[in-house]
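To start, the structure itself, in structure tokens.
The values are calculated or read from the model by the stated rules, or taken from the named source; none is laboratory data. These figures come from a predicted structure and were not determined experimentally. Ideal geometry is used to build each Cβ from the backbone, glycine not excepted, and the neighbour counts take in all protein chains shown. Surface accessibility is based on the protein's heavy atoms, side chains included, excluding ligands, DNA and RNA. Shrake-Rupley method; radii C 1.70, N 1.55, O 1.52, S 1.80 Å.
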Amino acid sequence: MEKYNHLEIDKKWQKAWEEEGVNKTGEDQAKPKYYVLDMFPYPSGAGLHVGHPKGYIATDILARYKMMNGFNVLHPMGWDAFGLPAENYALKNKVHPKVQTEENIATYKKQLEKIGMSYDWSREINTTDPEYYKWTQWTFIKMWEKGLAFESFEPIIWCPKCQTGLAMEDLEDGKCERCESEIERKPMRQWVIKITDYADRLLADLDKLPGWEDSIKEMQRNWIGRSEGAEINFVIASEAKQSRGESNDIKVFTTRPDTLFGCTYVVIAPEKLVDLKLEIKNKAEVDEYIKKTKAKSDLERTDLNKDKTGVKLEGVMAINPANGEEVPVFIADYVLAGYGTGAVMAVPAHDERDFEFAKKYDLPIKNVIEPEFGEKRENEEFRNRIVAVVYNPKNNKVLTLNWGDKFGGYLNVGGGIEEGESPEQAARREILEETGYKNLKLVNQSEKVRHHFIAYNKGVNRGTEIIGLFFELIDELADAQSLSPEEEGKFELEWLLASEVKNKIIDPCHNYLVDKFINDVAFTGNGFNVNSDFLNGLSTAEAKVKIVEWLEKEGKGKKKVNYKLNDWVFSRQRYWGEPIPFVHCEKCGVVPVAEKDLPVRLPDVEHYEPSGTGESPLANITDWVNTTCPKCGGKAKRETNTMPQWAGSSWYYLRYIDSKNSESLVDKEKEKYWSPVDFYVGGAEHATRHLIYARFWHKFLFDIGVVNYEEPFTKLQHVGLIMAEDGRKMSKRWGNVINPDDIIAQYGADAMRVYEMFMGPFGQSCAWNTNGLVGARKFLDKINDYVDSWKVEYKEGEVHESKDTVIDKKNSLIEKTIKKVGEDIVEFKFNTAISQMMICWNYIRAEEKKNLPNGAEYSETLERIITKKQLGKLIQILAPFAPHLAEEIWRNKLGNKQSIFVSESPSGDHNKTVMSVWPEYDPELIKDDIVNLVVQINGKLRATIEVAADISEEDAKKLAQENDNIKKWLEGKEIIKIIFIPGKLLNIVVK
RNA sequence: GGUCCGGUGGCGGAACUGGUAUACGCGCAGCACUUAAAAUGCUGUGUUCGUGAGAGCAUGAGGGUUCGAUUCCCUCCCGGACCACCA
């Protein structure tokens, strides 16, 4: 078998496509459009490894498929080139980041071109190009005008090594994601964007994105972290007597306002105490604690295993607005300053963290919720019951009754309270009857608990009010059980280790009681209010509504929605980023640079070292810093902070639409035609940050009328990583990096493309295997070999003539392949598309081999089993995957004049030039006329018989019963049922 | 701890809406070609029993629903991703 010369044809067609403008994006707005986008890369010095292009190959396949379907396809590429690595490299090697970046881009571009990408390079963008970042700056000024961007002096996260401020989102495990340094908090002047104003829309509009994977939407929901609750004011007691000092109220946020009557203290985050002017008697102790908190790293503070600590503010009491009770106030670092109001009302009975803290500091725990388990059913019979948890302290085991899987599984001793009995008497009686144990000590007793369940042994729906009782075994003396007939033999006694009870007992109520008695936990679920004055008897949902209404009426609180999402810290104290386009005027304060003076260009500097004072290296360039105020003309200094790397990538997809526009960010007409992006592909690591920022940025541009729709990306698909052959990530560090240049030189671009798409499901990560790559290359060689063996001269248009209308296996297989490949491309199921093509080619080659006399060679006189037209179609559907080989065959071997990717005649002369339109399949031909009917006996395969596809049940039955093997299985059996699925299966059920 | 996604041969993986489990590729074995090797081609390849036809068992484990379950339901185990004191 002759191998095709990839070195020659790869280069030849890449050049031809460039020269012929095959990759140029069409602008004829009468045609339908398709915008397919890759997340643009940060061009690092290391260049691409074979994992990087996986997503790009996939979008290229989709783009070429859409081209062949007559779409104007926008499939661009660009560079996200601002950022720390280039700057750090510049620092070390004294090279201007710009020079370094340009070099890297050239490398990347060369590498991508070798893979045969259909990018329209005339639309290439670069975030570091002043003509590009002009519009990043312009948008930022617009945000400032709308009050969304502002300066803030709040403490921000500071990386001591990178010498720059970071956003919450730039942390990994509480450390700087770039250099893994422990971060600090440093109060500093910062620019902040109020992304939280858009939190609700960012959340709600996820519903407008059915084309996004659920997992990514879920991550965004999680990140935005919306929770509904109430903000409640706790007045400081001493001040309440004088006048109600509104400003000095402790405002808390809670999602459980219904538990307000159970609040026994209030906790403030240590950092938040300064905001309140309180007279604290133990100020020294409090200051000491605050100091310690600051010294702790974030990692230490968020360590879940650590004991909760805090300090009581002596002399300060807060008033619970619901009942007027005075409760103590603490500072404790388990309360986060950055979430909600930075203060909480502690309800130890119904919150685990408060419970833990209350136990440690011996604070009162007031129960206000009667737990409810199970759902209320129709026709409930109501009873008062007990559940007895019997515990043997000698071996740490709990007594259970195992009722079997059908009747509730493992349960504790339970039963009704008879007339005149106390709960304890009832419990002791039930324990004796059901288990025989008689020497028990009552240790603990629960509050009332509601429980709905099905009493299996009586067959009724029960609604109950339960008292849980906790007994310890004094000794193991026991009488015989004395069970009623209906309980006799229904269960077995089992002693379970306390640690395994949770896994065995399914019933949530019994589980809760065991957990409560043995592990001493708080009840955090829902139920009914008790000890809560006017809330008593209401369900959790009802109580939430009622208390909020009451608080609002009394002016003591309000309904409040809170988000985990933080505002976006938008300034970095570094050089290599977009200058923030503002000046600080001695007279006018903060003033934006006039639109006509944009872009504010990054000046050249000698040194890129951060000043260390928290100012960017730009601060040292006095020529640049000193300027005049755009408003009053007076003396002013330029803002020296730069934007974060996320800025440029938040809107780049819009610029491709109109990359050279100097009048506006994007032309409105063009935007309307091309937006939104139809298909967006990139790494899952951007699920929250980039994709939240971009959605926010887009919504803002929508609000100011720049774009016409609220969401930028219709469909989002994440790409699975390609790992190295050793299963680790490809990295210089492990020495396991495979360079695509080497692969392409040895096997060709098409083999690499096919292999990467064939490896497995697109979204799944998978280890590279060079043997697998060889398989892909063999597949392509076989196709090339097959075409060559025809040895026929083709004339233009000839492959498009002959007709194929016979329904047979071969035609049906070809049509099915055309159908499946087209469908799979759109769904990004490339592995099965390639598999289907392999099946098809294997079949054709094998069938033709059968017709050859032994040892004979193909010749032009030999009758082939497929038509020329079919050969053309099979090459067309291969083309998006293996564009170079397909183009070589299409033009050089099948005699076509125009590219396989051009689906229209450029001259408009449709008669002369053959166009390459994605083939349609014939639904009639797809049908099989003969099928293998599966014959089962009792669901087990016993025979397959070849029958006409439209065979009737009667005929199928008859044929099946004639089959020897089936006869054997039917012998002496009675047929009780027959299931027939036409064209598929016949299942005979026998007895 | 929470949320989400997975678990199928020696390996990557396929299987529509519940209907022939292991397609396709890799690897491995045997054969052909060759002085030999590589390349290529052909044949075989879940496992157990059987000369064979065929039969039993297999989709992380256990149970359930069904004529029939990789697919649906329940419990558990393992792996991955994200979030993590979010009140």
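What FRET efficiency would be calculated for the residue pair A:T613, A:A106, taking the C-beta separation as r and a Förster radius of 30 Å, to the nearest 0.05?
Plugging the Cβ-Cβ distance into 1/(1 + (r/R0)^6) gives 0.25.
Using θ = phi - 60° and the Karplus form 6.51 cos²θ - 1.76 cosθ + 1.60, what ³J(HN,Hα) does each residue of the stretch A:331-337 get, whole Hz, x for Gly and Pro?
Along the stretch A:331-337, the couplings run 10, 7, 7, 7, 9, 8, 5 Hz.
Along Cα→Cβ, 7 Å out, is where each label goes; now give me the distance between the ones at A:D200 and A:E494 in nm to one decimal.
Each label point is offset 7 Å from its Cα along the Cβ direction, giving 5.2 nm.
Please find the FRET efficiency linking A:A46 to A:K296, where r is the Cβ-Cβ separation and R0 is fixed at 30 Å, and quote it to the nearest 0.05. Mind showing how you got there, number by number?
Working: r = 37 Å, r/R0 = 1.22.
The calculated FRET efficiency here is 0.25.
So what's the convex hull volume per residue for the Cα atoms of chain A, in Å³?
259 Å³
With the cut-off at 24 Å, tell me which of the pairs A:K850/A:K957; A:K281/A:K556; A:K186/A:K732; A:K110/A:K897; A:K194/A:K553; A:K251/A:K277 have Cα atoms farther apart than that.
Distance filter (> 24 Å) returns A:K850/A:K957; A:K281/A:K556; A:K186/A:K732; A:K110/A:K897; A:K194/A:K553.
I want to check the label-to-label distance for A:E920 and A:Q445. Put each point 7 Å from Cα in the C-beta direction and report it in nm to one decimal.
It works out to 8.2 nm between the two label points.
By how many nm would the segment from A:C632 to A:F382 lengthen if fully extended, with 0.36 nm per residue of separation less the alpha-carbon distance?
Additional length available on full extension: 81.9 nm.
Looking at this model, which pairs from A:K175/A:K217; A:K217/A:K560; A:K217/A:K516; A:K161/A:K272 are more than 31 angstrom apart at the alpha-carbon?
In this structure, A:K217/A:K516 exceed 31 Å between Cα atoms.
Report, in debye and to the nearest 20, how large the dipole of chain A comes out about its Cα centre when Lys and Arg carry +1 and Asp and Glu carry -1 on their Cβ.
1300 debye
If the only charges are +1 at each Lys and Arg Cβ and -1 at each Asp and Glu Cβ, what is the size of the charge dipole of the stretch A:1-118 around the Cα centre, to the nearest 20 debye?
So the magnitude is around 160 debye.
Roughly how many nanometres apart are two label points built 7 Å out from the Cα toward the Cβ at A:D275 and A:C588?
3.3 nm
Over the stretch A:1-115, average the accessible area per residue using a 1.4 Å probe and give it in Å², no decimals. Walk me through the numbers on the way to the answer.
Numbers: 4720 Å² over 115 residues.
That works out to 41 Å² per residue.
Keeping all protein chains in place, calculate the accessible area per residue for the stretch A:915-991 (probe 1.4 angstrom), answer in Å². It would help to have the intermediate numbers written out before the result.
Values: 4920 Å² over 77 residues.
With all protein chains present, the stretch A:915-991 gives 64 Å² per residue.
Can you run phi through the Karplus equation (6.51, -1.76, 1.60; θ = phi - 60°) for the stretch A:508-525 and list ³J(HN,Hα) in whole Hz, with x for Gly and Pro?
Listing the rounded values in order: x, 5, 4, 4, 4, 5, 4, 4, 5, 6, 8, 9, 6, 10, 8, 8, 10, x Hz.
How high is the relative contact order of the stretch A:410-473, in percent, counting Cα pairs under 8 Å that sit 6 or more residues apart?
Relative contact order, the stretch A:410-473: 29 percent.
Quick one: Karplus J couplings for the stretch A:248-265, per residue in order, coefficients 6.51, -1.76, 1.60, θ = phi - 60°, nearest Hz, x for Gly and Pro?
Couplings: 9, 5, 8, 9, 10, 10, 9, 9, 10, x, 5, 9, 3, 5, x, 6, 10, 6 Hz.
Could you give the C-alpha radius of gyration of the stretch A:351-495 expressed as a fraction of 2.2 N^0.38 Å, taking N as the number of residues it contains?
Values: Rg = 16.5 Å, N = 145, 2.2 N^0.38 = 14.6 Å.
Compactness ratio reported: 1.13.
Please compute the length gained on full extension between A:I975 and A:E19, using 0.36 nm multiplied by the number of residues separating them and subtracting their Cα-Cα distance.
So the chain would gain 336.9 nm between A:I975 and A:E19.
By how many nm would the segment from A:K732 to A:E465 grow when fully extended, if each residue of separation counts as 0.36 nm and the alpha-carbon distance is taken off?
Gain in length upon complete extension: 89.6 nm.
Order these peptides, A:393-399, A:479-485, by their mean beta-carbon neighbour count within 10 angstrom, highest first.
Ranking the peptides A:393-399, A:479-485 by packing returns A:393-399, A:479-485.
Taking only C-alpha pairs under 8 Å that are 6+ residues apart, what is the relative contact order of chain A in percent? Each step should come with its number before you reach the end.
Values: 1841 pairs, mean separation 136.3, N = 991.
Reported relative contact order: 14 percent.
Assuming R0 = 30 Å, can you tell me the calculated FRET efficiency for the pair A:E549 and A:T309, based on Cβ-Cβ distance, to the nearest 0.05?
0.20
Using Stokes-Einstein with the Kirkwood hydrodynamic radius over Cα pairs, what translational diffusion coefficient do you get for the stretch A:505-600 at 20 °C and a viscosity of 1.002 mPa s, in µm²/s rounded to a whole number?
107 µm²/s
Which is farthest toward the positive dipole end of the stretch A:472-564 among A:G525, A:L493, A:A480, measuring Cα position about the Cα centre, with Cβ charges +1 (Lys, Arg) and -1 (Asp, Glu)?
Going by the charge dipole, the pick is A:G525.
With a cut-off of 16 Å, note down the residues of the stretch A:678-722 whose backbone N falls inside the zone around a label point 7 Å from the Cα of A:E145 toward its beta carbon.
Residues A:700-707 qualify, since their backbone N sits under 16 Å from the label point.
Would the stretch A:79-220 count as rounded, prolate or oblate if I go by the C-alpha gyration tensor, calling it rounded below 1.5 in a/c and otherwise prolate when a/b exceeds b/c, oblate otherwise?
In terms of gyration-tensor shape, oblate.
Going through the cross-link list A:K958/A:K991; A:K564/A:K729; A:K869/A:K893, which pairs have a Cα-Cα distance over 22 Å in this structure?
With Cα atoms farther than 22 Å apart: A:K564/A:K729.
Can you give the accessible area of A:L780, probe radius 1.4 Å, in Å² rounded to 10?
Only protein atoms counted, so the area is about 0 Å².
I'd like to compare A:217-226, A:363-372: which one has the highest average count of other Cβ atoms within 10 Å, and what's the full order after that?
The densest-packed peptide leads the list: A:363-372, A:217-226.
DSSP beta bridges in chain A, what fraction antiparallel, as a percent rounded to 5?
75 percent
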